[in-house]
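Asks: Handing you a structure now.
Please treat every number below as a calculation from the coordinates, not as lab data. Given the structure is predicted, the values throughout are model-derived calculations rather than measurements. Don't worry about glycine lacking a Cβ; one is built from the backbone with ideal geometry, like all the others, and counts go over all protein chains shown.
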Amino acid sequence: MFKGILASIIASILALFAATVIVPHVSIDGAGIEFWKNVFWAGLCLGILNSFLAPVLRIITLPLRLITLGLIGIVINMLLVWLVDVAFPTVHIIGLWPLFLTSIVVVVANWLLHAIFRAGR
């Protein structure tokens, strides 16, 4: 359990950093150590949301997931990334497409890191 939470937090931190580099209109304020502190705290919050709130939302939206063949999952991830964007004034995601692409980066990073942690068992 703790490994999964840790993997989620690390993946979220790395994904937020990758999104600032890859996705246009996504930025995190700060320079040097201040930037990394902002990335860390926003990623920590996103990782905790992904670990605890996302499973509850997935259970609640199960009928919608069945109807949409799982596409509502990306909407849930977009909601979590948007919550981090709103909660942290240093995180700036401007527009729906950057939000969508950032959530895709977060999903891929989570998937990769969880696969690595599972392979290490």
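Asks: If the chain between LEU64 and ALA18 were fully stretched, how many nm would it gain, using 0.36 nm times the residue separation less the Cα-Cα distance?
Replies: Full extension of this stretch gives 13.6 nm more.
Asks: Would you mind pulling out the separation of the Cα centroids of the range 51-121 and the range 5-50, in Å?
Replies: Using only Cα atoms to place each centre, the spacing works out to 14 Å.
Asks: Could you bin all the Cα-Cα distances of the chain into 10 Å bins starting at 0 and give me the percent of pairs in each, rounded to whole numbers?
Replies: Per 10 Å bin, starting at 0, the Cα pair percentages come out as 14, 45, 32, 8, 1.
Asks: Counting only the backbone N, which residues of the range 79-121 are under 20 Å from the spot 7 Å out from the Cα of TRP36 toward its beta-carbon?
Replies: Taking a point 7 Å out along Cα→Cβ of TRP36, the residues of the range 79-121 whose backbone N falls under 20 Å are 90-91.
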